[in-house]
């Protein structure tokens, strides 16, 4: 028998699922698999309505988490405003090593790491043309951030996108020698 008090996420709560973004917990169910009964979060991805079943006992391991709190939003913007690329692979490595490093961050449960990817790729974009894969990664990072923040703030995605654009406009107006 499923004890809903043992579940971390409530039905109708918004969650972040790495690689997919903002989802909503539609239900918690029990499925019999072999001789065992397992509890699952039945979540729906807001972006495309895809349905995913996440085992309750593995939710933390796969990175399922509640959305950031409203008081953490400024920290995301602070990461975007930082002037230098902190990741050692950002400039010195080949694009495929950068891609792998950024991909790990994009698939993490940490929105601040996603913000680092967006910031680093934006700074790199000021210096040289991004590869096709990096451009896709840039767009994915931007989308994940916009969707989560707009959901938390209950504001249109365009509001958050404009805020991010204004950060990047300020950043592109700064002398490039400030980037270490």
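Kindly indicate whether residue 145 is within 15 Å of residue 74 (Cβ to Cβ), assigned to a helix (DSSP H, G or I) and in the same structural domain as residue 79 (by TED's automatic domain parsing). Spelling it out, residue 145 is indeed within 15 Å of residue 74 (Cβ to Cβ), assigned to a helix (DSSP H, G or I) and in the same structural domain as residue 79 (by TED's automatic domain parsing).
What about residue 83, is it in contact with a helix residue (DSSP H, G or I) (Cβ under 7 Å, 6 or more places away or on another chain) and at pLDDT below 90?
So residue 83 passes the test.
For residue 100, the requirement of being in the same structural domain as residue 166 (by TED's automatic domain parsing), assigned to a helix (DSSP H, G or I), over 19 Å from residue 18 (Cβ atoms) and modelled with pLDDT under 95 is not met.
Residue 38 meets the conditions (1) touching a strand residue (DSSP E or B) at 6+ places or on another chain (Cβ under 7 Å); (2) in a loop (DSSP other than H, G, I, E, B); (3) free of Cβ contacts under 8 Å to residues at least 40 places away in the same chain in every case but one. The failed one is (2).
Scanning segment 96-105 for residues that are over 21 Å from residue 69 (Cβ atoms) and surrounded by 19 or more Cβ atoms within 10 Å (Cβ to Cβ) yields 98, 102.
When segment 130-151 is filtered for residues that are under 13 Å from the mean Cα position of the chain (by Cα) and within 11 Å of residue 95 (Cβ to Cβ), only 137 remains.
Within segment 41-79, the set of residues being touching a residue at least 60 places away in the same chain (Cβ under 8 Å) and assigned to a helix (DSSP H, G or I) comprises 70, 73, 76, 77.
The values are calculated or read from the model by the stated rules, or taken from the named source; none is laboratory data. The shown structure was predicted, so the numbers you read here are calculated from the model rather than taken from an experiment. As a convention, Cβ positions derive from the backbone with ideal geometry for all residues, glycine included, and neighbour counts pool all protein chains shown.
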